[in-house]
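Asks: Sharing a structure with you now.
The values are calculated or read from the model by the stated rules, or taken from the named source; none is laboratory data. Because the structure is a prediction, the values reported are computed rather than measured. With ideal geometry, Cβ positions are generated from the backbone for all residues, glycine too; neighbour counts draw on all protein chains shown. Accessible surface areas use protein heavy atoms only, side chains included; no ligands, DNA or RNA. Shrake-Rupley method; radii C 1.70, N 1.55, O 1.52, S 1.80 Å.
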Amino acid sequence: MAYRWSIEDASSVSPWLDWLTRRPSVARSIWALYETTASQTPATEQASAPGTFVPTVYLTSPPPPFFTARTRVEPGTPMPAIGSPSAGGAPMEPAPTWLRWVNPAVLFRDARAWFDARPLRTVPAARRAAPDAGPAPAVVQAPRPVIAVIDTDIALLHRAFRRPGTPEATRFLAYWDQTDSESNQAPALPWATPAAMGYGREIESQAIDAALVQVVTNGKSEARVYASLGVDEPPEFGHGTHVLALAAGASDLWPGLPPVDDLDIIAVQLPREAVAHTHGLWLNALLVDALNYVVDKAASLRPGAPLVVNVSMGAYSGPHDSTAMLCRAVDALIEREAGNLTLVVPAGNGRQLRAHARVTLQAGSAAAPASASLAFQVVDGDDTPNFVEFWASAPGDLSGVEVELQAPGPAPSGPLPLSPHPKGKVGVYTFVNDSRPQAGDGPALAVIVAPSPQNGSAGSSPIAFVGVGPGSGSAQAPAAPQGAWTVTLHNHSQTARVFDAWIARDDHVEGHLGVQLTQLSFHDPGNASVTEFGTMSTLAWIRQAIVVGGYEVPDGTDPPQMYDDSACGFGVSTDPQLRRAGPDLCAPASTAAGGFQRVPFISGPLSAQAQRVAGTSLAAPIAARCLAYTLSNLPAMPADRDVLLAALKTRFPMTAVVSPPGRLDWTSDYWLPASV
């Protein structure tokens, strides 16, 4: 086995698309988030190629500022330069925003029939019901809020989501499973394809009620009724079931939380394969679709009702500021809804992962460059690749700066200059078969991508992406060499530089389709550049979102303590519009007993012997529940998130000062009092 290093022009502004061009020939579907421009709209993108599909909810006049599209690329054909300014394309963010190794058998499939069967349709834009003309009354009673959760493995028949006193009636208004059919057949009744989205399957309250009659009145087991609904092999535990139970479940589950049993629910089930790959593959576009679906559905079924949406997801990628396209797309939607849409997200659990480093490069010279290195370990048993992103808050001229990748063994990759290139540059470690040592023979095992200047933004700008293959391989995709890999930045210029490096999330989650994940970390413990600040997850940089950190609920009279893994912001920021100091509030993320009793997917009592779960993904729905309760008791709609947060603090006043001083990056000045 041998390896060859080469440097080429990047074929696209997206490092992820560059990577896909270097994979074996497979059918590829790219689900991407786009920003609308004068020359690129949802309608023009829909008409741009036979293999492109845009959900109907975006085909409006005027078009929304952001939209999603799925593009089909035939096997053996080059990847199109999607989003390339030189090609006249729109700014776009593939899901994810940077290169990804992908398992084609899991993540891509032949979708020709899926695309061909969905004609272009145009429908009016969905908007909240406008108030009647004329003078408004002095006090307008706010409509009852709707609680929505976007997650995975959500149990739609669970007793926690039935109407009090009427166990055969559901509180779900609608439930959208985004998982698309392997065939192009319409979903089997009582499911239907949601008209606004054009993919997946949807079930509404009347059909769920009919299924509950089978359980409550006819005595069938939930498992049998799930099977009749085409929900095969329900898991023992569903992350989304637990999250929704905290956000909107029956009060008898959580006597210490405020009652919201009378509030309606909308749920979006993300595809398992999308969520299982925790680095965020697909999540950007799917999340924007899910939020637009929830807004559209609530406007149709509960006009004017305020929405509280919880998304207990999050990756570690991107600029870690509000300029990411995902953040701007969600902010635009929240601002359009003018106070009717509240998004609650967790801060994340990455504080202690050693996945962030702030690298300082001193001034150097052509003959004696200043250098700084970061090391990580590729191990056996890791079935997925590993990624490191380098970003600069003020990159300026990168002339004289190079990045180098050292694989285990004597040979480094050779330097890849980061100075601006019209098309960007990509350096590729290629596997070369010993029996056929031709150039380019075999898949790439590692890459360094220096993006083109157009990939920059008003905030942080990407300067380099490093990807190293999985430690476990196959005949089709050999493993990357196991052991210590080192990324080194060299500065030949006379200007000092500061860069941030983040390792992509890649930890194991329950139900991960048989693929073993191993979270990478910077493994050199003496490296002072590795830091815990700036570790909040991708979604936590959405400006209009309410970000929730976590604390541990104590036993007895012990004081509360911050949850150790709860991620950090950047502290007091010079530009709070770009970067948060820390979470907006903290809520219970764990208990002295080690976490919360798991809510099973199939209805049943909570078991004290069951495995416990903890994390900020559970703190967020507790906050969402309290926000919905606050909204339901307000005489009028709050104008924005800040007014709602003030109302929350008034309704649930803190009983003790618990915020550690001097840690505004980690904690907050308000801890939501709640017992679980």
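Asks: Using beta carbons and a limit of 8 Å, which pairs, at least six apart or on different chains, have the first residue in the stretch 633-647 and on the phi < 0 side of the Ramachandran plot and the second one open to solvent by 50 Å² or more (accessible area, probe 1.4 Å)?
Replies: Asn633/Arg651; Pro635/Val139; Pro635/Val140; Pro635/Gln141; Ala636/Val139; Ala636/Val140; Ala636/Gln141; Met637/Val140
Asks: Continuing with this model, one more query. Can you confirm whether the stretch 33-42 contains a residue that is modelled with pLDDT under 80 and assigned to a loop (DSSP other than H, G, I, E, B)?
Replies: Initially, the stretch 33-42 is screened for residues modelled with pLDDT under 80, giving none.
No: the stretch 33-42 contains no residue that is modelled with pLDDT under 80 and assigned to a loop (DSSP other than H, G, I, E, B).
Asks: Here is a further query. Do any helices (runs of 4 or more DSSP H) entirely within the stretch 197-300 hold 3 or more residues that are polar (S, T, N, Q) and either out of contact with any Cys (no Cβ under 6 Å at 6 or more places or on another chain) or on the phi > 0 side of the Ramachandran plot (or both), and if so, which?
Replies: Once the helices (runs of 4 or more DSSP H) in the stretch 197-300 are filtered for at least 3 residues that are polar (S, T, N, Q) and either out of contact with any Cys (no Cβ under 6 Å at 6 or more places or on another chain) or on the phi > 0 side of the Ramachandran plot (or both), what remains is 205-216.
Asks: Still on this structure, please answer the following. Report the residue count in the stretch 621-639 for those that are modelled with pLDDT under 90 and surrounded by fewer than 16 Cβ atoms within 10 Å (Cβ to Cβ).
Replies: Of the residues in that region, 3 qualify.
Asks: Of all the residues that make up the stretch 357-382, how many are part of a strand (DSSP E or B), open to solvent by 10 Å² or more (accessible area, probe 1.4 Å) and over 15 Å from Thr488 (Cβ atoms)?
Replies: Summing the residues that are part of a strand (DSSP E or B), open to solvent by 10 Å² or more (accessible area, probe 1.4 Å) and over 15 Å from Thr488 (Cβ atoms) in the stretch 357-382 gives 2.
Asks: Gly318 passes all but one of (1) at positive phi; (2) free of Cβ contacts under 8 Å to residues at least 40 places away in the same chain; which number fails?
Replies: Just one mismatch for Gly318, condition (2).
Asks: Just the residues that are open to solvent by 50 Å² or more (accessible area, probe 1.4 Å) and either in contact (Cβ under 8 Å) with a residue 60 or more places away in the chain or not aliphatic (A, V, I, L, M) (or both), please, taken from the stretch 202-222.
Replies: Passing the criteria: Glu204, Gln206, Gln214, Thr217, Asn218, Gly219, Lys220, Ser221.
Asks: So if I check each of Leu578, Leu618, which one is within 20 Å of the chain's Cα centre (by Cα), in a loop (DSSP other than H, G, I, E, B), of a type outside the set (Phe, Trp, Tyr) and surrounded by 18 or more Cβ atoms within 10 Å (Cβ to Cβ)?
Replies: Only one candidate qualifies: Leu578.
Asks: Which residue is modelled with the lowest pLDDT, if the candidates are limited to the stretch 474-497 and must be farther than 21 Å from Leu405 by Cβ and among the hydroxyl-bearing types (Ser, Thr, Tyr)?
Replies: So, considering only residues that are farther than 21 Å from Leu405 by Cβ and among the hydroxyl-bearing types (Ser, Thr, Tyr), the one modelled with the lowest pLDDT is Ser474.
Here's the yes/no breakdown for (1) at pLDDT below 95; (2) of a type in the set (Ser, Thr, Tyr); (3) open to solvent by less than 10 Å² (accessible area, probe 1.4 Å); (4) assigned to a loop (DSSP other than H, G, I, E, B):
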residue	(1), (2), (3), (4)
Val139	yes, no, no, yes
Pro143	yes, no, no, yes
Val149	no, no, yes, no
Ile154	yes, no, yes, yes
Ala174	no, no, yes, no
Ser181	yes, yes, no, yes
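Asks: Scanning the stretch 498-542 for residues that are at negative phi and small (Gly, Ala, Ser), which turns out modelled with the highest pLDDT?
Replies: Narrowing the stretch 498-542 to residues at negative phi: 498-510, 512, 515-533, 535-542.
Next cut, small (Gly, Ala, Ser) only: 501, 504, 521, 526, 528-529, 537, 540.
Values: Ala501: 91, Ala504: 84, Ser521: 84, Gly526: 74, Ala528: 81, Ser529: 89, Ser537: 91, Ala540: 94.
Top of the filtered list is Ala540.
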